[in-house]
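The values are calculated or read from the model by the stated rules, or taken from the named source; none is laboratory data. Keep in mind that what you see is a predicted model, and the values were worked out from it rather than measured. Here the Cβ is made from the backbone with ideal geometry for all residues, glycine too, and neighbour counts use every protein chain on show. The accessibility values were calculated without ligands, DNA or RNA, using every heavy atom of the protein model including side chains. Shrake-Rupley method; radii C 1.70, N 1.55, O 1.52, S 1.80 Å.
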Amino acid sequence: RGGALILIAIGITILLWGDLRNDYVWVTLLVTLGFGAVGWVDDWRKVVHRDAKGLASRWKYLWTSAIALAAAIYLGISADTPAETELIVPFFKAVTYPLGIFGFIALTYFVINGTSHAVNLTDGLDGLAIMPTVMVAGALAIFAYVAGHAGFSKYLGVPYVAGAGELAVFCGAICGAGLGFLWFNAYPAEVFMGDVGALALGAALGTIAVIVRQEIVLFIMGGLFVAETLSVMLQVFYFKATGGKRIFRMAPLHHHFELGGWKETQVVVRFWIITIMLVLFGLSTLKLR
């Protein structure tokens, strides 16, 4: 699976160029590899044991939840300032909501786990998930650098988080590994990301967004992942509530457009364009305050 190669490339990059004394680097790396391990078990069962179901959903969710909760607790108890546990509202200079330790842990858990599974749901067409992941990671690199720089963070009204700037290296590793993977994953794909890559990359994005205090901005920039996830949730709810009726032709959302007559490459490129617009909108929050 190509996802394993992505994680190897990220791991080697961090070991070579990352500051291994930085706790944030280790938290993000361990979360990424932990989610990747869960995905690897799922892919292993599907590929080697020819089990179409792979790892049972309840076990997959249990293990990813355990990893996300452990990371959330560690980040919560290691926060040095109140600003590191506040919910930052973009577009406003001084609008924040104190979450407290338990609120922060709950939010962090949902952001990491939710982003992971959202990226996994999006990974259904050649190149569809990896390019938005690269674009969001590139934008988060800017947020990480700003948050970790006392001067820039003060000027732009972003909470200063000591050591967060080192996560720009992690984001760069995601971008580089992702673009290398896309070379072979573009239509028609020669390699596939699988759960090992999708779960891990989504968890990495969620963890970085939490550390740099940009959960809402991640929600904006990762709007494609949000839409794909909501399409599945709405489809399942409506199907059960109406006794078999559907809102979409098929969920996740990319299949709805495929069945509507769009070619696979049209769906992918148009979803990329939407993500570019959302990422630029997210980056605008740095100055529009």
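Charged side chains reduced to their Cβ positions (Lys and Arg at +1, Asp and Glu at -1) give the stretch 1-146 a dipole of some 460 debye around its Cα centre.
Result for the chain in a Gaussian network model with C-alpha springs under 10 Å: among 120, 22, 185, the largest mean-square fluctuation is at 22.
Using Cβ point charges alone (K and R +1, D and E -1), the dipole size of the chain about the Cα centre works out to roughly 680 debye. Taking the Cα centre of the stretch 193-287 as origin and assigning +1 to Lys and Arg Cβ atoms and -1 to Asp and Glu Cβ atoms, the resulting dipole is close to 280 debye. Per-residue Karplus couplings for the stretch 244-259, computed as 6.51 cos²θ - 1.76 cosθ + 1.60 with θ equal to phi - 60°, are listed in order as x, 7, 10, 7, 9, 4, 6, 10, x, 4, 4, 6, 4, 6, 4, 5 Hz, Gly and Pro entered as x.
Here the Karplus relation 6.51 cos²θ - 1.76 cosθ + 1.60, evaluated at θ = phi - 60°, turns the backbone of the stretch 193-201 into coupling constants of 6, x, 5, 4, x, 5, 4, 5, 5 Hz, with x for every Gly and Pro. Taking only Cα atoms and a 10 Å spring cutoff, compute GNM fluctuations for the chain and point out the largest among 204, 137, 150. For the chain, modelled as a Gaussian network with Cα springs under 10 Å, the answer is 150. Once each part is reduced to its C-alpha centroid, what is the distance from the stretch 63-122 to the stretch 145-212 in angstrom? A separation of 16 Å, based on Cα centres. Principal axis analysis of the Cα atoms in the stretch 1-62 yields extents of 41, 23, 10 Å, listed in decreasing size. Projecting the Cα positions of 187, 221, 254 onto the charge dipole of the stretch 165-255 (unit charges on Cβ atoms of Lys, Arg, Asp and Glu, taken about the Cα centre) puts 254 furthest along the positive direction.
The phi torsions of the stretch 89-105, fed into the Karplus equation with coefficients 6.51, -1.76 and 1.60 and a -60° offset, translate into couplings of 9, x, 6, 10, 5, 10, 9, 9, 10, x, 8, x, 5, 6, x, 5, 4 Hz, rounded to whole numbers, with Gly and Pro shown as x.
When a/c reaches 1.5 or more, the comparison of a/b and b/c decides; with that in mind, is the stretch 212-289 rounded, prolate or oblate per its Cα gyration tensor?
It is oblate, given that a/c is not under 1.5 and a/b is not larger than b/c.
Between the Cα long axis of helix 223-242 and the first principal axis of the chain there is an angle of about 50°, rounded to the nearest 10. Think of the chain as having a plus end and a minus end, set by charges on the Cβ of Lys, Arg, Asp and Glu; of 31, 4, 236, 236 sits farthest toward the positive end of this dipole.
Stick to Cα atoms and the Kirkwood definition of Rh, then tell me Rg/Rh for the chain.
On the way: Rg = 18.5 Å, Rh = 19.2 Å.
My calculation puts Rg/Rh at 0.96.
Averaging 1/r over every pair of different alpha carbons in the stretch 87-128 and inverting the result gives a Kirkwood radius of 12.5 Å.
For the stretch 1-156, what does the accessible surface come to per residue with a 1.4 Å probe? Please give it in Å².
Computed with neighbouring chains in place, this is 50 Å² per residue.
Taking the longest Cα principal axis of the chain as reference, the axis of helix 167-185 is set at about 20 degrees. Whole-percent P(r), the stretch 220-261, all Cα pairs, 5 Å bins from 0: 6, 26, 25, 23, 13, 5, 1.
Taken over the chain, lysine pairs spaced eight or more positions apart, or on distinct chains, with alpha carbons under 21 Å apart number 4. Per-residue ellipticity at 222 nm, computed for the chain from helices alone with -39500 (n - 2.57) per DSSP H run of at least four residues, works out to -23500 deg cm²/dmol. Springs join every pair of Cα atoms under 10 Å in this Gaussian network model of the chain, and among 238, 145, 109 the largest mean-square fluctuation is at 238. Rounded to the nearest 10 degrees, the angle from helix 130-147 to the longest Cα principal axis of the chain is 10 degrees. Apply the a/c threshold of 1.5 to the C-alpha gyration tensor of the stretch 159-271 and tell me whether it is rounded, prolate or oblate. Oblate. Less than 5 angstrom separates the built amide H of residue 87 from those of 97, 99, all sequence-distant by 5 or more or on a different chain.
What is the percent carbon and sulfur in the accessible area of the chain, measuring with a 1.4 Å probe over the protein chains and ignoring ligands?
Looking at the chain in its full context, I get 70 percent from C and S.
The loop-placed trypsin sites (Lys or Arg not before Pro) in the stretch 35-94, going by DSSP, that have at most 13 neighbouring Cβ atoms within 10 Å of their Cβ come out as 50, 53, 93. Over the stretch 1-137, the Kirkwood radius and the radius of gyration, each from Cα atoms, give a ratio Rg/Rh of 1.00. Relative to the 2.2 N^0.38 Å rule of thumb, the stretch 58-189 has a C-alpha radius of gyration ratio of 1.19.
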